[in-house]
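The values are calculated or read from the model by the stated rules, or taken from the named source; none is laboratory data. Nothing here was measured: the structure is a model prediction, and the numbers come from that model. Positions of Cβ are generated from backbone atoms using ideal geometry, with glycine treated the same way; all protein chains shown enter the neighbour counts.
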Amino acid sequence: MLYIVPTPIGNLQDITLRALEMLKTADAVLCEDTRRTQILLSHFGISKPAYRYNENDERSVARCLEVLQNGKTCALVSDCGTPCISDPGWKLVKEAVAAGIKVSSLPGPSAVSCALAGAGITGGAFTFLGFLPRKAGKAAKMISAAYGLKIPVVLYESPYRVIKMLELIAKTLGENTPVILARELSKVYEEWLRGTAKTLAEELSKKSKVQGEFVMIIDRPSAPEREKENEPDTYF
C-alpha cells in the first residue's frame, strides 16, 4: 500500500500525529532527497530505510513500484509539504493505481492553503499554477488565461526568479495588479509583502539578496474597479 504523507513546510512541529504514525509503521519511505528526509526522521527518532524517488527517471519509478508490488507499505514524502502538488509523486501514484495498489492520501501541511488563509482575499475559488515554465512567453500566456477567470491566481516562485516574475506580471496584467507575497511560511523569517506587481518588484530589487521560497498570489482589482468589468450578478 502507498501512503502520501505531507511533511512540514518549515516548522517541524507542524507535522501531524497521523503522519508521524505512518512514518513509524511504514516498511520504507520514498523521498525526494534522502538527506532531507533523514533529518526529519532523526528529529522524531524514527529509523526507516529511505529510498530516493526520482520523478524524471523511469527506472526510479519502476523500482519504487516494484517495492509496492512486493507487498511493502511505503510512505511517499517530498522535501516539504504535500507530495504531488508541485512536488514529485504523481507518476508513482498513477502507476500504483493502474497496478491495483491501494493509495491513501493523508491531509497535512501545504504552502498553497497556508498562504491563501493568511492572505485575506478569498474564501472560495482560486487558480493554482505552481511553478511556471521558464520561457516568458509561455508563462505570460498561462498567467493571462488564469487571470481571465477573475479569481485569485497562486504561483510558486524561487528567490532567484521572483523579481522577473513580478515584472512579467506587471507587463502582462498591468503595473497596478495587486500581488501578495508569502515568504518562508512557518519559518523564523516568515514575511508577508503586499502591493502591486510594480512596487513589489522595485522593493525586492533594492535588497542585496533575495532569500526564501515564495508563494505568490495575484489578486483581483479592488471592488470599484471590479464593477467596471460589468460582471453579471448571477450565472443562472
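Would you mind finding the one in GLY100, GLY124, GLY89, GLY81 that is more than 11 Å from the chain's Cα centre (by Cα) and surrounded by 17 or more Cβ atoms within 10 Å (Cβ to Cβ)?
Step by step, each of GLY100, GLY124, GLY89, GLY81 is checked, and only GLY89 is more than 11 Å from the chain's Cα centre (by Cα) and surrounded by 17 or more Cβ atoms within 10 Å (Cβ to Cβ).
Take the residues in the stretch 127-144 that are farther than 24 Å from ASP79 by Cβ and surrounded by 16 or more Cβ atoms within 10 Å (Cβ to Cβ), then tell me which one is nearest to the chain's Cα centre (by Cα).
This residue is THR127.
Please specify each residue of the stretch 100-125 satisfying the condition of being of a type in the set (A, V, I, L, M, F, W, C) and either modelled with pLDDT of 95 or more or not in a loop (DSSP other than H, G, I, E, B) (or both).
Of everything in the stretch 100-125, those that are of a type in the set (A, V, I, L, M, F, W, C) and either modelled with pLDDT of 95 or more or not in a loop (DSSP other than H, G, I, E, B) (or both) turn out to be ILE101, VAL103, LEU106, ALA111, VAL112, CYS114, ALA115, LEU116, ALA117, ALA119.
With ALA19, ALA28, ALA75 as the choices, which residue is farther than 23 Å from ALA99 by Cα, in contact (Cβ under 8 Å) with a residue 12 or more places away in the chain and of a type outside the set (Asp, Glu)?
The match here is ALA19.
With the requirement that a residue be surrounded by 12 or more Cβ atoms within 10 Å (Cβ to Cβ), more than 16 Å from PHE214 (Cβ to Cβ) and small (Gly, Ala, Ser), what does the stretch 145-159 give you?
Listed by number, the residues that qualify are ALA145, ALA146.
Do we have ILE85 as at pLDDT 95 or above, of a type outside the set (Gly, Ala, Ser) and assigned to a loop (DSSP other than H, G, I, E, B) here?
Taking the combined requirement at face value, the residue does not satisfy it.
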